1. Roughly how far apart, in whole Å, are the Cα centres of the range 529-574 and the range 109-163?
2. Amide H neighbours of ASP167 under 5 Å, at least 5 residues apart or on other chains, H built in the peptide plane: list them.
3. Using modelled backbone amide H atoms (1.01 Å from N, in-plane), which distant-in-sequence or interchain residues come within less than 5 Å of ASP286's amide H?
4. Ratio of Rg to Rh for the chain, alpha carbon only, Kirkwood?
5. For the chain, give the share of DSSP beta bridges that are antiparallel, in percent and rounded to the nearest 5; count only bridges with both residues there.
6. Could you give the dipole magnitude of the range 2-156 about its Cα centre, charging the beta-carbon of Lys and Arg +1 and that of Asp and Glu -1, in debye to the nearest 20?
7. Taking neighbour Cβ counts within 10 Å as the exposure measure, how do PHE238, PHE542, PHE671 sort from fewest upward?
8. Can you give the calculated 222 nm mean residue ellipticity of the chain, where each DSSP H run of n ≥ 4 adds -39,500 (n - 2.57) and the sum is split over every residue, rounded to the nearest 500 deg cm²/dmol?
Amino acid sequence: MKAWTLADRPLTIVLPYRNAKRFTAIWAAGENEVAFRRQPKAAHRCTLAFTAMELQRFLSRSWPDATIRFRSRPPRRGYALILETKDPRSRSSAFQLIPDGEERLRIQGEGRTGTLFGAYALLKLQGWRWHAPGPAGEIAPKPGGTLQVPAAPVTDRPGFDAGNGFDLECYSQESVDLLMWSARNGFDVWAGRAGTFALANKLGMTIKNGGHIFESILHPEAMLPSGETLWDAHPEWFGLPAEGGRKRERAQATQACASQPAQVEFLGQALLKRLRGDWSIADRVDMWGFDTWGQTCQCAACQKLGNTSDQMLYFAAQMRAFLDRAEAAKKLDRHVTLILCAYEGTASLAGPSRPVPDNLAADGTLVTFYPINRCYRHPLNDPACATNLRYWRALNAWTAARPPLRIVAGEYYNVSKYEDLPLLFSEVMRVDWPAFAAAGVRGATYMHLPSVHWGVRTLTQNLYARLTRHPEASGLEEWTAEYFEGWYGRHGAVMRKVAALTESAGHFCAQWRAWGAWSVLSNMLAWDGTPAAKPLTLHEHFADGAAAVAEGRRAAARLSEALSLVNALRRSETLLTAQAAPPPGGAVNPGELLRLQHSPLVGRRLAEDARLLRYGLDAMSLLTDLLAYHEALRLGQSDAADALWPAIEATAESLENQMIPLNVKHPGPGFLCRDCYERTQLSATISRCRAWRLRAGRTG
Ligand SMILES: [Zn+2]
Ligand SMILES: [Zn+2]
């Protein structure tokens, strides 16, 4: 490492464009004037100018007295950061930091995205961190000192060359702060949203749209221009169920027939319309089948295609050919890559049994592997876990398919069933991601990145960033130590313990809450509230109801201990920050007041963690008590059931008095703000229990 003393002489940031001195700030803010696809030069200039502005923004906060200027050429003498891109048309996020003599450093991106990411890497060398969205998520290095510059070239490539990013849940998840956090932490794929399209382009993101897109297009009641419904015009387009006989009301319970050329034309036109309309900047489109957990078409033509994944690939190959024709005929202004899914809900989890269609492989088609009911107590490749072993074999069947497709690992760190609960996955993540990379996985995504209020889950987002950019497990210990110290300051060691307790409490989160019929939540949702005749069918990791209750009590005890530790830290932090309270009158409106409060950041982080832990503790206690109550009723232990009931009512009330803000509407635009009781998903079950208690005269 070399040290540049910025107090001595100016720092020049060099852009390969004339008039950089005058126009850099204007180019950097000009994303709305750039047609990123048609004007690659202007796109490149916009991203590089923004890179220069980001460097200036953060370096001038570290060195308030330094002179930082923009130029089109390096000065003969003096420090210079030279921004350059190997292929200005590319959006590769690989980069190099190349020292050039004693006073120059070239930040050279493979594509424009790489140049920006290279600048963030240099800022990270100075100690800058962006652990959560917005200014409150920043960690700033102490001002002063010297600028640390690598003495030898540094090369940084994305660990997953097909990109890393997130699945967002709803269209309203527009957040400039979230998008900026993403870029600063090395994510190069973004689920496009209308209001941040231009910004995502400026950041060099590869943009994806889509999902389960055919449910509305291929709805049996959809009206055709002829005045007929789709069902009346083309019943043969819908899948033939195993029991025979297509039924209108169950039309989408079977995957659509893959052997209908006219349907490909119909769906292709519908897709094209969206790719030219609200998805006009999508580089990739998620094209998934019906999410029905249903059957696949049993017609003779489909059966000849091979297994259910072969059927999906056959259909996708025809859609690929349709899009290629549209592109050649200039009906589509760009090349759009398809993302398929390997997933039980669409009957495409198992790898294909036949060769992959050539046109899909040649195009670099992506397939996201979604192990929706996986176990989080064990890494996915743990042979001792039957649930995960099944998924692991399916994943390997997909990576082994030939000719090869590009497989993306899709994770579920904050999916809907988890209701924003304080779950952590560090133990499995640090085994899974290196294993995914070794298995030939090429990309990373997870459902669903929350917009706000990450609390203890801040660790998950940052660990995910680290492991999907650099999947190798070496250096993780240092990374973790630095994370806790940076984020919680002098409380780092205690908060590591809090995280370990929290993580351990959520080890069996899938067994408690996943979609599988065996989860405790699924069982409770299916329960009518009366004494059950038969034992519950639980996951294989829970021997029986009593064992599950015992595990639930252990989990609640750990969350309770974690919460006590955080609350003790909060009290000490409150006393400390009281001494540094700002004088009155510093703010004239709530917005200014919010900015003034940026100083006691650690206290705010602890408070956010505590809110999430409180919610987690109550939710875990409620589900455990409800399961215990179910078991007591089933075993005819009515006194024990009566003894449990007041705790259930008390916890339900406590949860109803809390809220976890900002839940999202799926899939359309809009926000919800649901109370915590509603978010446990248990309120209807508890109402049914109350109804039975009234009928049975057990009103206590
Ligand atoms: Zn068929
Ligand atoms: Zn397991």
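1. Each part reduced to its Cα centre gives a spacing of 40 Å.
2. TYR446, MET447, LEU449
3. ASN209, GLY210, GLY211, ILE339
4. That ratio equals 0.99.
5. Within the chain, antiparallel bridges account for around 30 percent of the total.
6. 500
7. Result, fewest neighbours first: PHE671, PHE542, PHE238.
8. For the chain, the value works out to -13500 deg cm²/dmol.
Computed from the coordinates by the stated procedures, all read-outs in this text should not be read as laboratory data. Quick caveat, the model's predicted, so the values are computed rather than measured. Because the Cβ atoms are built from the backbone with ideal geometry, glycine has one as well, and the counts that use them run over all protein chains shown.
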